[in-house]
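Peer 1: I am attaching a structure below and will ask some questions about it afterwards.
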Amino acid sequence: MSQLQPDPPTAGQKAGSGLLTRGYKPLAGAYDEMMAPDGTLRGPWPSFLQRLADLGEDGVREAFAGAEQQLKNSGVFFRVYDDPAGAERPWPLTPLPLLISQSEWAVLSAGAIQRARLTEALLADVYGPGRLARDGVIPAAAIAGSPDFLRPMVGVVPKGGRFLRFFAVDLGRGPDGRWWVLSDRAQAPSGSGYALENRLAVTRALPEVARGLNVERLAPFFQAFRDDLAALNANAEARVGLLTPGRLNETYFEHAYLARYLGFLLVEGGDLTVRGDAVYVRTVSGLKRIDALWRRLDGDFADPLELRTASALGVPGLVQAVRSGCVDVTNALGSGVAESRALMGFMPALCRHLLGEELTLPNLATWWCGQEAERRAVLDRFDRMAIASAFSGPLPGLPFWSKLGAAMSKAERQAVRDLIETRGLDVVGQENVGLSTMPVWDGNRLVPKPFVLRLFVAAVGDRDWVVMPGGFCRISGSSDARLVSMQQGAETADVWVLSDAPVREVSLLPQPDRISIRRSTGTLPSRSADNLYWLARYLERSEGTLRLLRALINRLVEAGGDADQPIIRALTDHLRFIGAIDLERKGTPIQLVAAALGDPASPSGLPALTGAARGAGSAIRDRLAPDAFRAVTEIAVLFEGMGRRRLNPVQMLDEVNHGLRRIAAFAGLASENMNRAMGWRFLDLGRRIERALTTAGLVRRFALETPSTEALDLALEAGDSQITYRWRYVMRPAPLPVIDLLMLDDANPRSVAFQTARIVEHLEALPATRVDGRPVELLRLARKLDARLANTAAEKIETRDLDKVTNRLLRLSGLVTDRFFTQRPSEARPEELE
């Protein structure tokens with residue numbers, strides 16, 4: 001039997017005898033992972049299915065539901081680019097894993113390592129001596145024609161000596177049971193983090209089954225990769241950064257998850273700066289050195305100075321930092337050239353030329369149309385081939401990157417044939433191979449579906465490689481490998497590599513008896529602090545707006561819809577002043593309330609405010625507990641579709657109260673569950689500044705400008721201080737007691753004085769608020785404002801005093817931004833460049 005042949009069926013194991021396999025029938029012409037054509041179960045499947053059957057039908061359904069619930073609780077998601085709303089989708093996991101025996105895994109892992117070695121050698125030549133093109137082993141156009149070939153990187157040797165540190169290869173099994181390489185992933189391979197989440201969900205749902213089958217663990221692979229990157233740091237203070245394109249990327253959840261799991265710092269391009277050819281991350285404590293970056297964005301976006309000039313995702317000067325050897329970028333900038341389909345047809349020859357070996361895992365047969373013989377072959381067999389772009393992106397002038405010739409329309413056929421004739425170097429023809437299938441649970445029974453398996457390989461040391469004993473399995477309803485994509489509705493499955501012996505329990509976390517006690521949560525990037533600060537401000541502003549809207553609805557209901565009342569006019573005027581209602585909008589008060597609740601065009605309406613809060617929360621997802629982020633998301637979802645609903649006043653009131661409860665839930669989570677580290681301080685600092693501004697505005701409008709009994713009562717209601725006032729003063733609201741309670745009473749958690757006291761506490765505890773022992777302007781201003789309020793009597797407060805307080809609070813906010821969220825070149829002090 002060939003080395004690449006699958007495990008034989010297990011004699012005597014028939015599908016009809018199993019509860020789960022009843023009615024299961026492999027697809028005609030396809031190799032099925034679980035079942036042979038005669039109904040015999042293959043390899044490890046009988047043992048696995050028997051262990052499932054031992055759980056009973058109810059136990060199996062409960063376990064499968066548990067896996068789905070685990071993903072929901074963890075907040076696992078991905079983003080679909082074609083969705084106009086850019087919505088996050090729940091992670092689609094099928095609870096049955098793909099099973100791989102140890103003997104078959106030995107062949108797959110050896111083939112994946114060989115592929116990584118070959119790709120490393122290819123990149124070293126492409127960006128080094130260029131002998132392959134010079135000696136005619138590869139046509140130069142097959143390399144230089146790729147948009148992923150980065151000319152500025154030619155001659156640049158990576159700091160650690162390796163071009164490739166994290167590699168992936170996509171495999172499919174053909175009808176004959178042999179594995180084929182469908183594509184190489186050298187740019188920024190995705191899926192390893194999702195594979196971790198899949199493993200966690202499935203093994204928690206089926207713990208005894210996993211233990212009984214000796215499933216290999218994933219942690220040692222990630223431990224080796226983490227340690228290899230950490231070894232690139234020049235000093236103990238430097239950090240490894242995971243460079244993400246940002247929260248709108250389809251796999252942002254994975255970026256955040258891997259950064260947290262591996263202990264890396266999640267950074268965006270805007271978080272980083274290059275000074276003296278070294279890379280630094282902007283933090284609230286100043287600039288901190290980064291010596292190694294694991295990038296998850298395409299290489300040409302990495303530096304707008306020397307690469308794609310329009311990129312807003314990269315780091316200006318990063319190429320020079322790499323060139324000077326001050327930072328290692330994994331994978332090397334320009335490594336995406338190895339993903340070109342134009343190179344697939346050359347891989348067998350390259351393997352012999354560079355490694356002196358035959359390919360262990362054969363390629364999907366590929367013909368690059370940049371050569372005359374291959375071009376003629378593709379045109380002659382057009383209908384039987386998949387015609388694809390030779391490089392990244394769609395075929396020039398066409399809306400698809402790959403399509404079976406026989407499936408093209410007449411116009412598409414002509415356009416593609418013309419393209420092959422005139423610019424064949426942009427096109428490849430590939431063999432149309434059907435994929436093998438694996439069993440998938442559809443909620444009631446097992447059904448066969450095609451799949452693609454992605455394996456991950458990491459560099460270890462100078463020459464060694466290690467393969468993750470598992471993988472990222474994508475499942476499709478189509479047998480066409482081109483359609484197995486998360487963007488096109490694919491599902492995923494865990495991948496179990498089964499050992500013949502018990503597996504040692506290994507965790508990426510330190511052993512309990514070797515943990516060094518620490519109370520610091522590490523570096524806080526300026527962007528993270530900025531988003532925490534504004535998350536709190538947006539939610540606090542939303543709460544203040546909701547309290548005003550609730551007061552307005554209540555008064556409209558009490559007045560029977562009569563809008564011609566001074567208090568109602570004052571309320572609507574104030575809502576316009578704070579931006580909740582557009583200044584130009586006309587309508588009845590209840591129509592204005594509906595606009596504030598549901599009009600996305602209102603700059604400070606509830607949809608805009610809560611959407612901005614969700615945006616800020618999404619950008620710091622790695623720093624929020626799942627429950628906290630879920631609360632923020634639920635608040636935004638509540639208002640984003642409200643403009644499409646016709647609500648009466650009572651229904652509006654219910655939605656307002658619902659929103660207030662959700663905001664209170666988030667505040668409770670932040671208060672009780674967040675560690676009192678710097679992140680919490682910025683969250684609470686934003687909340688205190690926004691609440692002080694809101695309360696000062698209420699006092700000015702309703703206690704000083706129009707101090708009627710109704711207006712004073714409204715100020716207490718919107719300031720959430722009615723109960724305190726009634727307990728303290730058994731009387732109708734009067735101006736001075738209301739002003740004192742809302743402005744000066746430092747025991748009232750809603751008063752301005754209470755907020756300024758907390759602001760001073762936070763600033764005293766934060767770094768960079770003193771220089772040579774002297775407070776900076778930010779801290780001095782906060783102290784002055786707090787002292788002024790502490791030494792002012794209620795009867796002395798006038799409108800101009802409220803204006804001064806408001807202006808100083810706004811000035812404080814600006815100084816917070818300048819001090820903590822940006823570091824301009826002139827502000828970088830020598831002691832910050834650590």
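Peer 1: At 1.4 Å probe size, put Thr709, Thr769 in order of accessible surface, largest to smallest.
Peer 2: Ranked list, largest accessible area first: Thr709, Thr769.
Peer 1: What percentage of all Cα-Cα pairs in region 780-824 are separated by more than 12 Å? Numbers along the way, then the final one.
Peer 2: Details: 653 of 990 pairs.
It works out to 66 percent of all Cα pairs.
Peer 1: Round to the nearest 10 and report in Å² the accessible area of Leu272, as given by a 1.4 Å probe over the protein chains' heavy atoms.
Peer 2: That residue has around 10 Å² of solvent-accessible surface.
Peer 1: Moving on to the next point. Which one of Gly393, Leu354, Ala459 has its Cα pushed farthest toward the positive end of the charge dipole of region 347-506, where Lys and Arg give +1 and Asp and Glu give -1 at the Cβ?
Peer 2: Projecting each Cα onto the dipole axis, the largest value belongs to Gly393.
Peer 1: Something else about it: Measure off 7 Å from each Cα along the Cα-to-Cβ vector at Asp573 and Glu421, then give the distance between these two points in nanometres to one decimal.
Peer 2: Reported label-point gap for Asp573 and Glu421 is 7.7 nm.
Peer 1: Cα axis of helix 649-673 to longest principal axis of the chain: angle in degrees, 0 to 90, nearest 10?
Peer 2: Orientation of helix 649-673: about 70 degrees from the principal axis.
Peer 1: Ignoring ligands, DNA and RNA, what percent of the accessible area of the chain is carbon or sulfur (1.4 Å)?
Peer 2: That fraction is 50 percent.
Peer 1: Right, something else. With every protein chain kept in the model, how would you rank Lys72, Lys449 by accessible area, 1.4 Å probe, largest at the top?
Peer 2: The residues order as Lys72, Lys449, largest area first.
Peer 1: Provide Phe754, Phe221 ordered by accessible surface of protein heavy atoms (probe 1.4 Å), highest first. The partial results should precede the final answer.
Peer 2: Details: Phe754 40, Phe221 5 Å².
Solvent-accessible surface, decreasing: Phe754, Phe221.
Peer 1: Same structure again: Reachable lysines from Lys25, Cα under 27 Å, same-chain residues fewer than 8 places away excluded?
Peer 2: Lys14, Lys449
Peer 1: When ranked by the protection proxy of mean other Cβ atoms within 10 Å per residue, highest first, what sequence do the peptides 375-384, 357-366, 596-605 form?
Peer 2: 596-605, 357-366, 375-384
Peer 1: A follow-up question, please. Calculate, for region 649-740, the solvent-accessible area per residue in square angstrom, rolling a 1.4 angstrom probe over the heavy atoms of the protein chains.
Peer 2: Details: 4160 Å² over 92 residues.
Ligands and nucleic acids excluded, the figure is 45 Å² per residue.
Peer 1: Out of all DSSP beta bridges with both ends in the chain, state the antiparallel percent to the nearest 5.
Peer 2: Counting only bridges with both partners in the chain, antiparallel ones make up about 80 percent.
Peer 1: Under a plain spin-label model, where a point goes 7 Å from the Cα along Cα-to-Cβ, how far apart in nm are Arg645 and Ala373?
Peer 2: Label-label distance for Arg645 and Ala373, simple model: 6.8 nm.
Peer 1: Once ligands and nucleic acids are excluded and a 1.4 Å probe is used, how much of Ser409 is accessible, expressed in Å² to the nearest 10?
Peer 2: We get 50 Å² for Ser409.
Peer 1: Sticking with this one: Rounded to the nearest whole Å², what accessible area per residue is found for region 236-313 with the 1.4 Å probe?
Peer 2: 31 Å²
Peer 1: Does anyone have the angle between helix 678-699 and the longest principal axis of the chain? Alpha-carbon axes, 0 to 90°, nearest 10?
Peer 2: Orientation of helix 678-699: about 40 degrees from the principal axis.
Peer 1: Here's something else I'd like to know. Taking the mean number of other Cβ atoms within 10 Å as a proxy for protection, how do you rank 677-688, 276-287 from highest to lowest?
Peer 2: Ranked by mean Cβ neighbours within 10 Å, highest first: 677-688, 276-287.
Peer 1: Return the percentage of antiparallel bridges among DSSP beta bridges fully within region 232-318, rounded to the nearest 5 %.
Peer 2: Looking only at bridges with both residues in region 232-318, the antiparallel portion is about 55 percent.
Peer 1: How far is helix 606-619 tilted off the main Cα axis of the chain, in degrees rounded to 10, range 0 to 90?
Peer 2: Computed tilt is about 50 degrees.
Peer 1: I've got another one for you. Taking only DSSP H segments of four or more residues, each worth -39500 (n - 2.57), what value at 222 nm results for the chain once the sum is divided by all its residues, to the nearest 500 deg cm²/dmol?
Peer 2: -13000 deg cm²/dmol
The values are calculated or read from the model by the stated rules, or taken from the named source; none is laboratory data. Everything numeric here is computed off the predicted structure, so don't read it as measured data. Please note: Cβ atoms are built from the backbone with ideal geometry, for glycine as well, and neighbour counts cover all protein chains shown. Each accessible area value is taken on the protein alone, full model and side chains, heavy atoms only, with ligands, DNA and RNA left out. Shrake-Rupley method; radii C 1.70, N 1.55, O 1.52, S 1.80 Å.
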